[in-house]
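The block underneath contains the structure these notes are about, expressed in structure tokens.
The values are calculated or read from the model by the stated rules, or taken from the named source; none is laboratory data. Just so it is clear, the structure is predicted and the values come from calculations on it, not from any experiment. We place every Cβ from the backbone using ideal geometry, glycine too, and count neighbours over all the protein chains shown. Heads up: the accessible areas ignore ligands, DNA and RNA and are worked out on the full protein's heavy atoms, side chains in. Shrake-Rupley method; radii C 1.70, N 1.55, O 1.52, S 1.80 Å.
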Amino acid sequence: MTTLLHNRDLLPVVAPIAIGAIILGGWQVTCTVLAVPDYLFPAPSSIWHALCGNWPTLFHALLGTLKVTLMAFAIAVITGTLIALLFAQSRLIEISLLPYAIMLQVTPIVAIAPLIIIMIDDTFISLVLCAAAVAIFPIISNTTIGLKAVDPGLLAYFRMARASRWQQLVRLRIPSAVPFFLAGLRIASGLSLIGAVVAEFVAGTGGHSSGLAYEILQAGFQLDMPRMFAALALITFAGVAMALAMAGLSRLALTWHGTGGDDQ
Amino acid sequence: MTAPVPLDEVPLDAVPLDAVPLDGAPLDPPPPVELLSVEKRFANGVLGLEPTTLRVKPGEFITIIGPSGCGKSTLLKLASGLAEPSDGRVWWWRGPFARVGEKTRRLAFVFQDPTLMPWASVAANVRLPLDIGHVDPTEADDRVAAVLAELGLSDRATQRPRQLSGGMRMRTSIARALVTDPDLLLMDEPFGALDELSRNRLDERLLQLSAERGLTTMFVTHSIYEAAFLSTRVIVMAANPGRIYAEHTIDAPHPRGEAFRLSPAFADHARELTRLLTAASLDTRGNQP
Ligand SMILES: Nc1ncnc2c1ncn2[C@@H]1O[C@H](COP(=O)(O)OP(=O)(O)OP(=O)(O)O)[C@@H](O)[C@H]1O
Ligand SMILES: [Mg+2]
């Protein structure tokens, strides 16, 4: 055990798994011993059965949610980066448009989602738009900050070497912004999943069936708690998978960038 | 013999005529940089440099020494166009800064710290000024390879700055300056962070390079010995307000090497510089408004 506690590579994996196992075990035992009915609080075993029993539907719903999430994420990243590049071009553009970006950020998506869903016929497109609206802000703000957070010495060098604005942007500002952009990417990946699920809830209450949120709603109507938990577990799983993928991506990118990695 | 200043290159009203010293500096070749009654007052009202006139002749190796905060960096930034004078005028080859960068009018600046791009390899960092200047890529490759070899960095070409030692980073920064084949090289304490031996080695290399390439150099240092070894002329500055306190010419012939460092002449120059520097650091007029 002591050797495991000192293993810096394995510990971050093994320790959380151990905690999870203890919690699941305790949960299972408590539910069994106290004979808690499934419709009040299902035991892990019932959730597992619900997951296996409803797998085709749930898997289809998971794919739907992931499709919305990834599409929204891609749109948020591309549009957000373009907007940040636009902001970096002129102070006037930035101060004129930034308040609207902030308005977009502070308005709760649940409040705008019904509007978007009513206005746009295609459910998929409206869901993607809602989720992208949630995810775009960290990309815009982080990338904008990164494009400005340039080493003043290097900036002086570029000016003295008579670099054009374009050369400054491509050779100095964009590379400097990479770590900031990656941090924005990680936040945005989580937010696009949240946005997708929230939008699905709103759409689901309006009768447009789609994704895991709709499954949760349906299970709620039918008081099918194990199935509800199973759908919830799938959402969590999708979120963790996205977070891990982003962490891996930013590690790779930072190693390439020369500002991260182990050989500091 | 007093030569007239060629006025065709400079708008007449840009500089008061009495600010132009007509002391017979030869026009051909023109001085790489001239500070004419140049004053620097910062935004907060501090007088960083009182009106100063300094003419740097082609091929000179000028070293600037002085107590900390006396305005050495300020003077160098004015000479590099990185800072604007609040009064007076700076000329490069008897022309405005807009013409710097043309053939035989190239200027390079080495900052006190290496200021390299952490995301780019050593070779890419050195290549940067050529890329900015749209030099033909194959020619750029050749020039980068040559200057890296010159500075002993060939085997580090693909590494990132963080994988280098401090001295190697500084050499990369110097390579980035030399690759442009500058005519005027401005260096602000480039070897400040290096050990004595590396510094001596780089000093000798720098002298060789300036001789081979016919460089004109302005060099800021805290080391009296470095100043005595490198310079043809040493400018001693004093603080509060920043100003030129004294000048000392070092007439020892080039090339200079270890033999010069051990010679009595070197010791004499070093002693004289110490005397001037001590006097300069005692001579403060108090901070004038
Ligand atoms: N941007 C600025 N605003 C106000 N004061 C400044 C500014 N830059 C420099 N100074 C002041 O001008 C004086 C000269 O500064 P400078 O950097 O030229 O000194 P230095 O001789 O290079 O010193 P060191 O040897 O420590 O590098 C200092 O008193 C400094 O505080
Ligand atoms: Mg300085």
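At-a-glance table
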{"quantity": "Protein-only accessible surface order, largest first, of B:Glu84, B:Glu102 at 1.4 Å", "calculated": "B:Glu84, B:Glu102"}
{"quantity": "Protein-only accessible surface order, largest first, of B:Arg169, B:Arg275 at 1.4 Å", "calculated": "B:Arg275, B:Arg169"}
{"quantity": "Spin-label pair A:Ile194/B:Ser154, simplified geometry with 7 Å Cα→Cβ offset, distance in nm", "calculated": "5.7"}
{"quantity": "Residue-averaged [θ]222 nm for chain B, counting only DSSP H segments that reach four residues, each worth -39500 (n - 2.57)", "calculated": "-10500 deg cm²/dmol"}
{"quantity": "Test item: B:108-116 mean partner chain Cβ contacts at 10 Å", "calculated": "3"}
{"quantity": "Residues A:Ser90 and B:Arg205, FRET efficiency given R0 of 35 Å [Cβ-Cβ distance, rounded to 0.05]", "calculated": "0.20"}
{"quantity": "Contact order normalised by residue count of chain B, Cα under 8 Å, 6+ apart, percent", "calculated": "23"}
{"quantity": "Degrees, to the nearest 10: A:109-119 long Cα axis against longest axis of chain A", "calculated": "90"}
{"quantity": "Descending Cα extents along the principal axes, the protein assembly as shown, whole Å", "calculated": "107, 60, 53"}
{"quantity": "Shielding by partners - mean other protein chain Cβ count within 10 Å, residues of A:174-187", "calculated": "1"}
{"quantity": "Share of carbon and sulfur in the accessible heavy-atom surface of the protein assembly as shown [1.4 Å probe, %]", "calculated": "65"}
{"quantity": "Distance between modelled label sites at B:His134 and B:Arg55, nm, 7 Å Cα→Cβ extension", "calculated": "3.7"}
{"quantity": "Accessible area buried between chains B and A, both sides summed, probe 1.4 Å, in Å² to nearest 100", "calculated": "1900"}
{"quantity": "Whichever lysines have a C-alpha closer than 27 Å to that of A:Lys148, once near sequence neighbours (fewer than 8 apart) are set aside", "calculated": "B:Lys77"}
{"quantity": "Heavy-atom accessible area ranking, 1.4 Å probe, most first, across A:Trp55, B:Trp91, B:Trp119, A:Trp27", "calculated": "A:Trp55, A:Trp27, B:Trp119, B:Trp91"}
{"quantity": "Heavy-atom surface of chain B, accessible at 1.4 Å and reported per residue (Å²)", "calculated": "44"}
{"quantity": "On Cα atoms only, tilt of A:44-53 relative to the major axis of chain A in degrees", "calculated": "80"}
{"quantity": "Cα gyration tensor, chain A - rounded (a/c under 1.5), prolate or oblate", "calculated": "oblate"}
{"quantity": "FRET efficiency for A:Leu115 and A:Val240, using Cβ-Cβ distance with R0 set to 35 Å, rounded to 0.05", "calculated": "0.65"}
{"quantity": "Stretchable slack from B:Asp142 to B:Glu258, in nm (0.36 nm times residue separation minus alpha-carbon distance)", "calculated": "38.6 nm"}
{"quantity": "Helical mean residue ellipticity (222 nm; -39500 (n - 2.57) per DSSP H run of 4+; nearest 500) of chain A", "calculated": "-27500 deg cm²/dmol"}
{"quantity": "Accessible area of A:Met71 in the full protein assembly, 1.4 Å probe (Å², nearest 10)", "calculated": "90"}
{"quantity": "Rg/Rh ratio calculated on Cα atoms of region B:128-246 (Kirkwood radius)", "calculated": "1.00"}
{"quantity": "Electrostatic dipole magnitude of chain B [Cβ: Lys, Arg +1; Asp, Glu -1; Cα centre; debye, to 20]", "calculated": "640"}
{"quantity": "Prolate/oblate/rounded label for region B:117-164 (Cα gyration tensor, a/c 1.5)", "calculated": "oblate"}
{"quantity": "³J(HN,Hα) computed for each position of region A:169-178 - Karplus, 6.51 cos²θ - 1.76 cosθ + 1.60, integer Hz, glycine/proline x", "calculated": "5, 6, 8, 10, 5, 5, x, 5, 7, 3"}
{"quantity": "Phi to ³J(HN,Hα) by Karplus 6.51 cos²θ - 1.76 cosθ + 1.60 over region A:63-69, Hz, x for Gly, Pro", "calculated": "4, x, 4, 5, 4, 4, 4"}
{"quantity": "Helix A:211-221 vs. chain A, principal-axis angle (Cα, 0 to 90°, nearest 10)", "calculated": "30"}
{"quantity": "Distance histogram in 5 Å bins (all Cα pairs of region B:59-100, percent per bin)", "calculated": "5, 20, 25, 24, 18, 6, 2"}
{"quantity": "Test item: A:6-13 mean partner chain Cβ contacts at 10 Å", "calculated": "0"}
{"quantity": "Cβ-based net charge around B:Ala227, under 15 Å, with every Lys or Arg adding one and every Asp or Glu removing one", "calculated": "-4"}
{"quantity": "Amide H contacts under 5 Å for B:Ala120, placed H, 5+ residues apart", "calculated": "none"}
{"quantity": "Protection proxy ranking of B:202-212, A:179-189 - average other beta-carbon atoms within 10 Å, highest first", "calculated": "A:179-189, B:202-212"}
{"quantity": "Stretch gain in nm, segment B:Ala267-B:Arg105, where the contour uses 0.36 nm per residue and the Cα spacing is subtracted", "calculated": "54.7 nm"}
{"quantity": "Spatially proximal aspartates and glutamates relative to A:Lys67 (Cα-Cα < 20 Å; intrachain offsets below 8 disregarded)", "calculated": "A:Asp121, A:Asp122, A:Glu200, A:Glu215"}
{"quantity": "Distance (nanometres) between label positions extended 7 Å along Cα→Cβ at B:Glu84 and A:Ile19", "calculated": "5.7"}
